[in-house]
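Structure, as structure tokens:
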Amino acid sequence: MHCASVLPATDPGELRTVLLIGDFGNVSEDPPVAVEVIGHLHSIDGTLDFRGATVAVTPLEDGPSLILAEVVEDWTLVGNLGPRRTRGSLCPSENIVQAIRVTWAGGVTLANGKEPGDTERDLYKIIVEAGDGSQRTVTPAALADLGDGDNNHMLCLDTKDRPISVSFPAGVLTDPNDDLNPETSVIVSKSN
């Protein structure tokens, strides 16, 4: 490994993915299959040591998929903290009552290199649960955390119903290698 970086995902709550750069074998004959943390690697707050953690490597030819979705308690602050050049756009302040951060396995854009917009916002499907236990599918009222070139989107919701899962259809977003995303979904967790 020559370099490890969390850039450009540096908004609050985004320091979760690491880009490793180096000579990791030949893609066709000897592709990397897993990454293991062999030394002490502590979380920012010092409560976790990731030594011994292992994760499978996404094959280079595979497109990006959702790897994390979480309710963000401080969603009104996201985009207001951190260096200006790396901050993503904010959720609108009107009619938004909660937000979900989704993290993709790799930076994502449209095939033309532009950021997703309202068309792609409508493709995100979120299953939410009301207080009476009934479930329904909603789309975000707005899509935020755009314009910063990272692998996170903020799904701005106009409902207080509890988010259960997030899904996105295949063939819409690309990673830096121009691979299209597969159909993907992830369970929503509550942020720390």
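We did not get these values from a lab; they are worked out from the coordinates using the rules stated. This structure is a prediction, so every number in the text was calculated from the model and none was measured. Glycine also receives a Cβ, built like all others from the backbone with ideal geometry; neighbour counts cover every protein chain displayed.
Annotations
- For S165, net neighbour charge (Lys/Arg +1, Asp/Glu -1) across residues whose Cβ lies under 15 Å away: +1
- The lysines whose alpha-carbon is closer than 25 Å to the alpha-carbon of K114, local same-chain residues fewer than 8 away aside, are K125.
- Take every Cα pair under 8 Å whose residues are at least 6 apart in sequence, average their separation, divide by the length of the stretch 66-190, and the relative contact order is 32 percent.
- Shown is the FRET efficiency for T58 and D132, computed with R0 = 45 Å from the Cβ-Cβ distance and rounded to the nearest 0.05: 0.70.
- Within a Gaussian network of the chain (alpha carbon springs, distance under 10 Å), most fluctuating of N26, N181, N95: N26
- For the chain, the cysteines with no partner cysteine C-beta closer than 4.7 Å are C3.
- DSSP bridge analysis restricted to the chain gives an antiparallel fraction near 90%, rounded to the nearest 5.
- Overall form of the stretch 66-190 per C-alpha gyration tensor (a/c, 1.5; a/b vs b/c): oblate
- Net dipole in debye of the stretch 66-190 [+1 Lys, Arg Cβ; -1 Asp, Glu Cβ; about Cα centre; nearest 20]: 220 debye
- Calculated FRET efficiency for the pair D158/D30, C-beta based, R₀ 35 Å, to 0.05: 0.10
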